[in-house]
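Written out below as structure tokens is the structure these notes cover.
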Amino acid sequence: MAGRIEGRVAVVTGGCSGIGLATVRRFVAEGAKVVVGDIDDDRGAELVDDLGGLDHATYVHVDVTSKEQVDALFKSARDAYGSVDIAFNNAGISPPDDDSILDTGLDAWRRVQEVNLTSVYLCCKAALPYMLEQKRGSIINTASFVAVMGAATSQISYSASKGGVLSMTRELGVQFAREGIRVNALCPGPVNTPLLKELFAKDPERAARRLVHVPMGRFGEPEELASAVLFLASDDASFITANTFLVDGGISGAYVTPL
């Protein structure tokens, strides 16, 4: 039985951990060939071996804030596998020095904007020419539930960057809809990823405040988000574009969450 994205070529940034890693694994299981972009070279090489070698996946070291390296990432997908059908622009950071606007310095602000927002701009800019040539493609950009509501724990640059991702995604989804290209924003709630685990290790009280607001009473798992990405990448979502796809355990719909 063929997979839902059998024979398609996907590029995934931030593909060596968290949601990106779960999505890479799911994409390969569903028949896609995947180019994994990340900066974790040791993990990237191991991952390609785990996935069955170059017939299924390729790893490319990429600084997602560098136009040259991002362009090379997408070119490598076209050169290796013949097309660029899916782009999951997922790389991002949430550093501890991004806090209240009163405490977050300009350097921290700029670093988060570059990695979380400028990288998505660069990835979309690199992917779109291939998709326009093919007259088909699906772009999924990782935003966040904080793009649609205020965060209980302030991360001013992170929240602003994800709002930018969401707005840019809507515009691109509208602009390229008649060219056969769909562009959607994945908006996760709190997910059990290395970023969240690091926050728990450094500031358990701050991290626990997130859980209180989730109606389902738990964090999401990366595999649950990967299922959502697969849906948006597949023909099952053929009439969905410029969409805010919330996968957040109900957090964005809650007024007061019972304990």
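Side notes on the structure shown:
- Carbon/sulfur fraction of accessible area - region 112-192, other protein chains in place, 1.4 Å, %: 52
- When +1 charges are put on Lys and Arg Cβ atoms and -1 charges on Asp and Glu Cβ atoms, the dipole computed for the chain relative to its Cα centre reaches about 780 debye.
- By the Kirkwood approach, averaging reciprocal distances over each pair of separate Cα atoms, the chain gets a hydrodynamic radius of 18.3 Å.
- Taking all C-alpha pairs of region 90-202, those more than 16 Å from each other amount to 61 percent.
- Straight Cα distances below 13 angstrom link residue 67 to the aspartates and glutamates 114, with same-chain residues fewer than 8 positions distant left out.
- Only Lys, Arg, Asp and Glu carry charge here, each on its Cβ (+1 for the first two, -1 for the last two); on that basis region 67-207 has a dipole of about 560 debye about its Cα centre.
- Cα→Cβ-extended label distance, 7 Å offset, between residue 136 and residue 17, nm: 3.6
- Residues of region 1-40 with an amide N closer than 16 Å to a point placed 7 Å from the Cα of residue 72 along the Cα-to-Cβ direction: 36-40.
- In a DSSP loop and with at most 15 other Cβ atoms within 10 Å, the GluC sites (Glu not before Pro) in region 1-66 are 6.
- Kirkwood-type radius of region 73-154, with distances r between different C-alpha atoms, in Å: 14.6
- The helix-based estimate of mean residue ellipticity at 222 nm for the chain, built from -39,500 (n - 2.57) per DSSP H run of four or more residues and divided by its residue count, is -13500 deg cm²/dmol to the nearest 500.
- DSSP loop chymotrypsin sites (Phe, Trp or Tyr not before Pro) with at most 12 other Cβ within 10 Å excluded, longest remaining stretch of the chain: 1-238
- Average accessible area per residue (Å²) across the chain - probe 1.4 Å, nucleic acids and ligands excluded: 46
- Length released on extending from residue 97 to residue 2, taking residue separation times 0.36 nm less the Cα-Cα span: 29.6 nm
- Extension gain (nm, one decimal) between residue 65 and residue 255, 0.36 nm per residue minus Cα-Cα: 64.7 nm
- The H on the amide N of residue 57, modeled in the peptide plane, is under 5 Å from the matching H of 34, each at least 5 residues off or on a different chain.
- Counting only trypsin sites (Lys or Arg not before Pro) that DSSP places in a loop and that have at most 12 other Cβ atoms within 10 Å, the longest clean stretch of the chain runs over 1-134.
The values are calculated or read from the model by the stated rules, or taken from the named source; none is laboratory data. Remember, it's a predicted structure, so these values are computed and weren't measured experimentally. We place every Cβ from the backbone using ideal geometry, glycine too, and count neighbours over all the protein chains shown. Surface accessibility is based on the protein's heavy atoms, side chains included, excluding ligands, DNA and RNA. Shrake-Rupley method; radii C 1.70, N 1.55, O 1.52, S 1.80 Å.
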